[in-house]
Every structure is written in structure tokens, then in C-alpha cells.
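Working notes, beginning with the structure itself.
Throughout, read-outs are computed from the coordinates displayed, never taken from laboratory work. Quick caveat, the model's predicted, so the values are computed rather than measured. Note that we place each Cβ from the backbone using ideal geometry, even for glycine, and neighbour counts take in every protein chain shown.
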Amino acid sequence: MDGKVIVVASTKGGVGKTTVALNIAIARAMQGRDVWLINGDRQDTASTAIAIRGEAGRHPPIATAHYPDGSALRTQLLHQRSKFQDIVIDVGGRDSTALRAALSQADLVLVPFQPRSFDTWAVADIAALIEEARATSGKPTEALGFLNMADTAGSDNKEAVETLADYPAIKYLDTPIRRRKSIANAAGSGMSVLEYQPKDEKANAELNALLKAIY
């Protein structure tokens, strides 16, 4: 097993990190991969969603863990990563020891941001932490930013993407995930939108484009 670590991170809450992490983890498990979903936030939303999934008897099951403390997250990741093919870490909402530990161990950092001024301002914070983690760990960890809960029309998407250019630590990934009710409904039931019925073809296409780009 390769134990590739993908960290979904932001120092701002409400950008959809947990929903993105949940969708990635479940999608990879649906492809037959052995996946570990770690929640590094104090608010353990990801584990709650997976518990709902388990209670509903949905397959495939997903292994989860909650490590809001950076030392515990780093230690357990070093001990356990060889047991899994894919590891997805949902962390952030603020600067924390867990966020810094996850960044130090990441193979890839995904930074979701919405086309809103407060979200784009927060990109500066996570970009600085990514650069610090690279310097400390000596790893040239790749970081990709993408629009999440993007608008279906208007100029805000374009303006947000242009703002990202100010932070070279994060490369823009042109695979936006738009604001869709099916994605929110699926996550609330512990599902990926790929499993959700009635099927949302547009949401599925957007998620598959993101997965193709990062794997």
C-alpha cells in the first residue's frame, strides 16, 4: 500500500472542507481503494457523517479517526499510514497544531475556497502555513486551490481565481465544484454525490474532474 496523504485544508471555516474530504474518501473507496479518513478539527463532522453512513448500512465502509491534537495526528499517521492506500485528512477552520501537523505530512494539499472576499483573504494564511511546512519538513509538497461552492453565473468566480495568483505557494486547479443541493444532501446522509439519488449528472462530472486532476 502506498499511503498517499491528501490534506483538505483552510484556515477559514465554511468553505466546504469536510464535504470535499468526504466525497474524495468515499469515491476512492468505491474504486476499491483502502481509505482512511482523518478529522483534525475539534468539530468532528466527518466522523459523524461516516457514522450515519454506517448506521444506514452503506457500502463501502470507511475507516475514520479523530485527532484534533497535532502530536497525536502526526504520531498515528506515521504509525498507520502504511496500512492504507489513500489517506484523506479534513483539517483547519483555524490555525492549529493539527493543521500544521497534517501539512507537514501531506503529499498533496487541497485548498477549497469560495468566490467571496473573506475566503480569498484567508488564502493568504493557508499559503503562508504551506510555505512554512515545506521549509520545516523539506518536502516540496504540492498545493492546489480550487473553487468550491462556486457561483453558476456572474463575475465573482473569475475575480476569486485572479486573487489566488497573488499566492504562488498554491497552484490553481481549474475544476470548480458548484453550489448544488445534491452535494449537501448527500453529505448529510454520509454519502458521496456519486451515490446520491436522483443522480445529479453535473455534480458527478465536477467531482470526477477533481478526482482525475488530483489522482
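Things to note:
- Rounded to whole Hz, the Karplus (6.51, -1.76, 1.60) HN-Hα couplings of the range 104-114, x for glycine and proline: 5, 9, 6, 8, 8, 10, 9, 10, x, 9, 8
- As a proxy for reagent exposure, ranking Arg53, Arg42 by other Cβ atoms within 10 Å from fewest up yields Arg42, Arg53.
- Length gained on full extension, Ala63 to Ser155: 29.1 nm, using 0.36 nm per residue less the C-alpha separation.
- Spatial extent of the range 4-214: Rg and Dmax, with the Cα atoms as the point set, Å: 16.0, 47
- Helical runs assigned H by DSSP (4 residues or longer) give the chain a calculated mean residue ellipticity at 222 nm of -14000 deg cm²/dmol, each run adding -39500 (n - 2.57) before division by the residue total.
- Estimated vicinal HN-Hα couplings, Hz - the range 195-212 in sequence order (Karplus 6.51, -1.76, 1.60; Gly, Pro = x): 9, 5, 10, x, 5, 9, 4, 5, 5, 4, 5, 5, 5, 5, 5, 5, 4, 4
- Each residue of the range 177-192 was assigned a 3J(HN,Hα) from its phi angle through the Karplus expression (A = 6.51, B = -1.76, C = 1.60, θ = phi - 60°), giving 10, 8, 5, 9, 4, 4, 5, 5, 5, 5, 4, x, 9, x, 10, 7 Hz with x at Gly and Pro.
- For the range 1-52 versus the range 67-119, the gap between their alpha-carbon centres in whole angstrom: 10
- Stretchable slack from Lys171 to Ser71, in nm (0.36 nm times residue separation minus alpha-carbon distance): 33.2 nm
- Virtual spin-label span in nm between Glu142 and Arg94, 7 Å along Cα→Cβ: 3.3
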